[in-house]
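Since every read-out is calculated from the coordinates, none of them should be taken as a lab result. Note that the structure is predicted; figures quoted are calculated from it, not measured. When we count neighbours, we look across all protein chains shown, and the Cβ atoms used for this are built from the backbone with ideal geometry, even at glycine.
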């Protein structure tokens, strides 16, 4: 499913914002940076409990952050490619965090 989202982002950058492939790749790399910090997300979810629980509140919070990020992209239709990349990087961070937490839940 992530491939479909990546294609949609590339289309948005190309068709709506009129970027060339080199610029588009710079912004795509900004979007994927949060996946490099997955080890930190695991440490945070294991060592910072919320409401007495270690993982489930993080799933809820990150799901809300991802929804707000993607919905704001839809709602406001940003014209600046850097702003779009930052909003999508936030959504990517919450997805990576959710991925780490759900993997930890499956292991236990």
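Based on the Kirkwood radius over alpha-carbon pairs, what is the Stokes-Einstein translational diffusion coefficient of region 2-107 at 20 °C with 1.002 mPa s viscosity, in µm²/s?
D, rounded to a whole number, is 146 µm²/s.
For the chain, what is the relative contact order in percent, using Cα pairs closer than 8 Å and at least 6 residues apart in sequence?
Relative contact order comes out at 35 percent.
What ranking do 36-42, 98-104 get when scored by the average of other Cβ atoms within 10 Å per residue, highest first?
So the peptides 36-42, 98-104, ranked by packing, come out 98-104, 36-42.
Helix 2-11: angle to the longest alpha-carbon principal axis of the chain, degrees 0 to 90, nearest 10?
So the helix axis and the longest Cα principal axis differ by about 30 degrees.
How far, in degrees from 0 to 90, does helix 38-47 lean away from the longest principal axis of the Cα atoms of the chain, to the nearest 10?
Its long axis makes an angle of about 30 degrees.
Enter the angle in degrees (range 0 to 90, nearest 10) between the Cα long axis of helix 81-107 and the first principal axis of the Cα atoms of the chain, meaning the one along which they spread out most.
In the chain, helix 81-107 runs at an angle near 30 degrees to the longest axis.
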